[in-house]
1. Does any residue in region 303-326 that is touching a residue at least 40 places away in the same chain (Cβ under 8 Å) and within 16 Å of Leu455 (Cβ to Cβ) come within less than 7 Å, Cβ to Cβ, of a residue that is open to solvent by 40 Å² or more (accessible area, probe 1.4 Å) and in a loop (DSSP other than H, G, I, E, B) six or more places away or on a different chain, and which pairs are these?
2. Yes or no: Leu344 over 23 Å from Ile398 (Cβ atoms), modelled with pLDDT of 85 or more and within 32 Å of the chain's Cα centre (by Cα)?
3. Can you tell me which residue in region 155-170 is most open to solvent (accessible area, probe 1.4 Å), limited to those that are part of a helix (DSSP H, G or I) and touching a residue at least 24 places away in the same chain (Cβ under 8 Å)?
4. Gln355 fails exactly one of the following numbered conditions: (1) farther than 30 Å from Val263 by Cα; (2) open to solvent by 60 Å² or more (accessible area, probe 1.4 Å). What is the number of that condition?
5. Applying the selection to region 386-429, what residues are more than 20 Å from Thr454 (Cα to Cα), open to solvent by 40 Å² or more (accessible area, probe 1.4 Å) and aliphatic (A, V, I, L, M)?
6. Restricting to region 171-185, name every residue that is open to solvent by less than 40 Å² (accessible area, probe 1.4 Å) and either touching a strand residue (DSSP E or B) at 6+ places or on another chain (Cβ under 7 Å) or not hydrophobic (A, V, I, L, M, F, W, C) (or both).
7. Quickly run through region 381-421 and pick out the residues that are of a type outside the set (A, V, I, L, M, F, W, C) and part of a helix (DSSP H, G or I).
8. Counting only residues that are farther than 28 Å from Leu138 by Cα and among the acidic types (Asp, Glu), give me the helices (runs of 4 or more DSSP H) lying completely in region 44-109 with at least 1 of them.
Amino acid sequence: MTELNSEQDINLHPQNEVGVVVQQLTGAEGEEQAEMFSDILEEAEPGTVALLLEALPLDERYERWQQVQFADRVEVLSLMRADPRMGILRQMPDSEVDLLFAQLSPEDLIEWSDYLPESYTDRALAQMGERQRQHFELYNQYDENEIGRYADHQMLVLSTKATVGQAQRFFRRIDLDCNDNLFLVDEQEHYQGTVRRHDVFRHGPEQPLASLLSEDSRALSADASLLEAAEALEHSREVELPVVDYEGGLIGRVTLRTATALVREHYEAQLMATAGMDESHDLFAPILKGARRRAVWLGINLLTAFLASATIGLFENVLAQVVALAVLMPIVASMGGIAGSQSLTLMIRGMAMGQISGGNLMSLMKNELGIGAVNGLLWALVIGAVASWWFNDSVIGIAIACAILINMLVAAVAGVAIPMLLQKFNQDAALSGSVILTTVTDVVGFFTFLGLATLLFL
């Protein structure tokens, strides 16, 4: 059996270390793999186990899953992507699924339910107590982009009438993740303020707890977006912030750990979506299922390719007579695409951080146009000179220089305008902006270059 170094295995968060263990695990078979995985389970964190299970083909994955201790199964599944998690649940006997669901917290079920079939969600709710179901319904009223959906109800809460002594006992008896604060509420469970741990242990037990309220106490609105909540938590310099509903009622808290995970998942989802995929997709998704998911995005890209090809087809005559144009066309499209993507990326970042508004949009447009004009003129002269020398034809150099300049100016405008238009129609610019931008720069670049060549050569 291949031996695992204890230093390699454990935590295994660095990609190179995970890769070493994945290579060893996938290189083993049958009993050898089972023994190796058993060794891993003795010391590896649940997150590592989840990563390793996802790296295994479907048949091997379920065999290794059966080796995971029952007490660790909920945490391991919670750290897996939705598709592989669902694949394991479908293979498990009904009795085991029900036992597993009985261990779920409302927070776990909220996260799972984003991709869980309704029948499974109902089964999980049936295993919960009434109070847990109430917590689930409370969080489920918020959508997937609102922080109220992911609030943690495990927190330290006391009445404004409580004493410092009661708070001290709370902190000593209850150990929670990222817990530096205690939240005070009135008789209607409305949030009144925050008391910090270090203040609690600096005062006598008989002192009223309300007298220690932090002057800069703040709370997050439950309908705030995930990115807004994460940014507020970052700027607060706290490790946790309370979450309140529209009436001011305290419904939970958001910790720095949760906020970091949500932001990471958000940007991973955006990255995957640029290719028409989802961050929940399984590395070893069934072939037909994976093909069906990717087919739609391929079809969209095919339509844009046909549009660019149709533009080229309008100039068959000049292409037939001046073959050099076909050699140079990709340069025009590429320069416009790169310039546009730079503007697009800047815009998406600014929009995500709330820095773009109607007041500064025109100034930003002028700035991007200025940058596009300077770079366009510079590279138009360089590329025009190279093309003239390459093909010994100054007319070709003039045509491509003018096309480069025009396309880079259009790319600058498109890079600013496209994300704003998509936002106006409630579409995510990070998902479809690049496809639209590429289509614009390709069509404009080809049309301008070949149109100018037609005027000059024919």
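1. Matching pairs, first to second residue: Asn317/Leu458; Val318/Leu458.
2. Yes; evaluated as a whole, the condition is true for this residue.
3. Among those residues, the one meeting the criterion is Gln166.
4. Unmet condition: (1).
5. Val386, Leu409, Val410, Val413, Met420, Leu421
6. Cys178, Asn179, Asn181, Leu182, Phe183, Leu184, Val185, listed by residue number.
7. Of everything in region 381-421, those that are of a type outside the set (A, V, I, L, M, F, W, C) and part of a helix (DSSP H, G or I) turn out to be Gly384, Ser388, Ser394, Gly397, Asn407, Gly415, Pro419.
8. Where helices (runs of 4 or more DSSP H) fall fully within region 44-109 and carry at least 1 residues being farther than 28 Å from Leu138 by Cα and among the acidic types (Asp, Glu), they are 46-54, 58-65.
The values are calculated or read from the model by the stated rules, or taken from the named source; none is laboratory data. Computed from a predicted structure; not experimentally measured. All Cβ positions, even for glycine, are placed from backbone atoms using ideal geometry, and neighbour counts span all protein chains on display. What goes into the accessible areas is simple: the full protein's heavy atoms, side chains included, and nothing from ligands, DNA or RNA. Shrake-Rupley method; radii C 1.70, N 1.55, O 1.52, S 1.80 Å.
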